[in-house]
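Below: the structure, in structure tokens.
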Amino acid sequence: MSFIKYSLNFLLLATLCKAFPEEVQKCHFGDEKCLVDSMNYVIKHYRKGIPEIGVKPIDVVDIADLNLVGHAITSTWININLTNQINYGFENTTITSVQGFNKDPTATHLNISGHIPVLIHKGFFKAVGQIYLVKANLSGISLSEFQNLKFTLKLKSIIEFRNNKRYLKIYELTPIVKISRWVIWMEDLFTENSDMTIIVNRIFNDNWLEIWNEWEPTILNSFSGVFLGLIKDVFDKVSYDDLFLPDSEDKLT
């Protein structure tokens, strides 16, 4: 039995080593500079992901359905339901800071910060509302640009043991997001009146900050699901210790 167990462990280790591309640098626990460099390398060279270790594609990212409830802006209000959503632009992310990820990750705060020049959102919308004195029931394709998006992800985690190995389980992810500009375009709001479509889109873009402040909690909740989906599979698939280089004392045991 001990020989079988040893052989299985060896095969699992060999599979994991093969799955990790040689050019992806492993880091020591808590080496924040190395972690930043390694993450940025993976983002730049593996936008299609590394399925073997749970890294998902980041060039096109699906998003769950979203409902945005808006109150009055002058005499205009609108509620929007977004479906079939995707994001482009995560492949241009630059990680700027990584904190925590020490040997005991639960003893420290885990934060990941980064910058995305432009995050593009595309989806199908259905909207009901009032535009000045006109009641509206609309649908079409929406396109948004979140410009100069800076984020910090605050992670809360616990350690789970599987097959005598430690796995990091992220049970909460809180994003802090700042943007310089939000550009919104809802196509074909009024199929028979292109001027009205332009006017309504202009209202949204002229009041983008007010709209962002109102919808920010809902949008950030959506971002939380997106970011969590991008990172959790790595920790689910690869043990925490196998993600890092062994400490010198580990080599002696």
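A few notes on this one:
- The stretch 24-243: radius of gyration over Cα atoms, expressed as a fraction of 2.2 N^0.38 Å: 1.17
- Residue by residue, the stretch 214-229 carries 3J(HN,Hα) couplings of 6, 8, 3, x, 5, 5, 5, 5, 5, 4, 4, x, 5, 5, 4, x Hz when phi is fed to the Karplus relation 6.51 cos²θ - 1.76 cosθ + 1.60 (θ = phi - 60°); x denotes Gly or Pro.
- Shown in residue order for the stretch 82-88 are the 3J(HN,Hα) couplings computed by the Karplus curve 6.51 cos²θ - 1.76 cosθ + 1.60 at θ = phi - 60°: 10, 9, 6, 8, 9, 10, 10 Hz (x for Gly and Pro).
- Working note: Karplus 6.51/-1.76/1.60 with θ = phi - 60° gives the stretch 22-33 the couplings 4, 6, 7, 6, 7, 10, 6, 3, x, 7, 5, 5 Hz, where Gly and Pro are set to x.
- Inter-label distance, S180 to L245: 3.6 nm, where each label sits 7 Å from its Cα along the C-beta direction.
- The stretch 184-249 and the stretch 134-172 have their alpha-carbon centroids 8 Å apart.
- Loop GluC sites (Glu not before Pro), the stretch 166-249, which have at most 16 other Cβ atoms in a 10 Å radius of their Cβ (DSSP): E187, E192
- Charge sum, other residues only, whose C-beta stays under 14 Å from E91's C-beta, Lys/Arg counted +1 and Asp/Glu -1: +3
- Eligible aspartates and glutamates near K169 by straight Cα distance, threshold 15 Å, same-chain separation 8 or greater: D104, E160, D233, D236, D241, D242
- The simple Förster model, with R0 at 25 Å and r as the Cβ-Cβ distance, assigns I141 and K48 a FRET efficiency of 0.45.
- Each peptide in 45-52, 25-32 receives the mean, over its residues, of other Cβ atoms within 10 Å, and ordering these scores from highest gives 25-32, 45-52.
- Amide H contacts of L110 (H built 1.01 Å from N, in plane; Pro and chain starts excluded): L155 sit under 5 Å, all sequence-distant by 5 or more or on other chains.
Computed from the coordinates by the stated procedures, all read-outs in this text should not be read as laboratory data. Predicted model, so just to flag it, every value in this text is computed and none were measured. As a convention, Cβ positions derive from the backbone with ideal geometry for all residues, glycine included, and neighbour counts pool all protein chains shown.
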